[in-house]
Structure formats: structure tokens, C-alpha cells
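What follows draws every value from the coordinates through simple rules; no lab data is involved. Nothing here was measured: the structure is a model prediction, and the numbers come from that model. We place every Cβ from the backbone using ideal geometry, glycine too, and count neighbours over all the protein chains shown.
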Amino acid sequence: MTPALPLPPHGGSRTPQRRGHRVCCGAVLVLCCLALSAFGPDVQGSPKPPPAFGPVQSSWFGCPALQGVYAWPPVDASGVHGTRPPNRRWESGELPFYVNGPEMQVWLQQLRGETTLRTRTINRARNVRSSLTRQWSLVTYGGAQVRCTSGMLDVVPQDAPRGKDAGGAGGLQGFRLALLKDGALAVGTRTLSTGNKGSYFSWGGQSYGSYDAPDIETWSWSKLARTAPGDREPPVVDAYVPGATSP
């Protein structure tokens, strides 16, 4: 009579299957994470002010009060691909306020849930008369258009001006305002390009096969120096001398 062979330890034959099951689940989890991350936008720049601007003021509740008078051009203007010239004329829609000259007053007020931004020109030429030194441009954002995010005031993204979509089928333009501890105002512009397409293969200037590419979120920042508390209208800055001859 042939002796019976010893049985393997209880459960030993299932150990490799359990290990393989864990490896398989881990691989699936990694693939799921990669798939989920692929749906996020490709972020260029930072949604926070550059560290060179200095620390951002914090508040126990909501956002710090941003009211004040600020100077244009910015004391620091940092774009995604380097530093912008501080005297550059921003195009319409690139900032939450209108730029109407190389040097301006920016007056920000917050009242009854609304954020109002005014700008007007500063004239330092004695022989130049300009009505823009007394006329304010005006833009107001209502309570439904703004929200507080991490102590910074966000203007809800809206349709971007034409030509600002970085090649996509559409685009949104949003803004972020942050009060710095030195009293300056950090102004961030956020452009979201949507409907982008990529090609599987390109040769000789021709593209073959297309796929939906990720959205592109682009951030750039400017730092405006504070010149007055903003509780009242700032005085006109105009060096014109009555009777002088304009060039």
C-alpha cells in the first residue's frame, strides 16, 4: 500500500493568488489615478502670487479688505515665461480694470458685497492737457461674480476676449486679487483655454489623427504699490500749467 503524500500547509496553495490579486488591484488603482489626473488642466504659472512679492495677508474670516488706491505701472510684473516690461500697455480684458495710460491711479472699493475698480491717468507733463486725469473708467463686480478662495478674492471666469484662447476652441478669463502684508495688491490673471486638440502623428507640416488635449490654465501676476487708504477719492495728479502750449 502506497503511503499517502503529505498535504500542503493549509491555505499555502492560495498565497500566490492573493499576492497576484493585490498586485492586480494596485495596478488598477494606479491606472485609475492616472486616468483621473489626465482630466485636470495643464497649469502654467502659479495660482498663488510669486514668493518675490512677499507674504499674503490672512484673515480669520473670509478675505482681508482690499480697499485702497494703488499705483500703475506695477512695481513687479511676472508672467509665465519671465518678467513683463512694467510699462507695457495691457490689452483689453487682460486685467480686471481698464488700462488707459502708462501711469495711472487704481482705486479699489468694496461696498455692500460689490467690488468696484476705477482707473484714471496721471499726467506729469506741464505742457500737456488731458481730460483723462479727471475721468474715471469703472468696472463693478457683484456678489455673484466674486468669491473668497484661500484668503484671496476671485472674480468668476468669464468669456475671454477673442485671440486670448491660446489656440483652443474657447477660453475663459478670470482674476484673483490678494492683499500683501506690505499693503500692496497682487493681481493675478487666469486664462483657461478649452477645446484644445492634439495630433497622433505629424509629418511635413501635416497632422494625422486628432485627440482631445487637456485644457490649459495660464497664470500671470502683477504687484501694485499702495498709495492711499481708498476711503475717499484720491486727488488729481496733473502737472499741466494753464496757458501752456500743448505739443
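Neighbours of residue 243 by Cβ distance under 15 Å: Lys/Arg scored +1, Asp/Glu scored -1, total +1. Sorting 61, 53 by the number of Cβ atoms found within 10 Å of their own Cβ, with the fewest placed first, yields 61, 53. Hey, with R₀ at 45 Å, roughly what FRET efficiency would residue 244 and residue 111 work out to, going by the Cβ-Cβ distance, to 0.05? Taking R0 as 45 Å, the efficiency between residue 244 and residue 111 is 0.70.
Cβ under 13 Å from residue 224's Cβ, residue 224 left aside: what net charge do those residues give with Lys, Arg +1 and Asp, Glu -1?
Working: positive: 223, 226; negative: 76, 103, 182.
Within the 13 Å Cβ shell, the charges total -1.
Using R₀ = 25 Å, calculate the FRET efficiency as 1/(1 + (r/R₀)^6) where r is the Cβ-Cβ separation of residue 58 and residue 236; round to 0.05. The calculated FRET efficiency here is 0.10.
Computing FRET efficiency as 1/(1 + (r/R0)^6) for residue 126 and residue 228, where r is the C-beta to C-beta distance and R0 is 25 Å, gives about 0.60.
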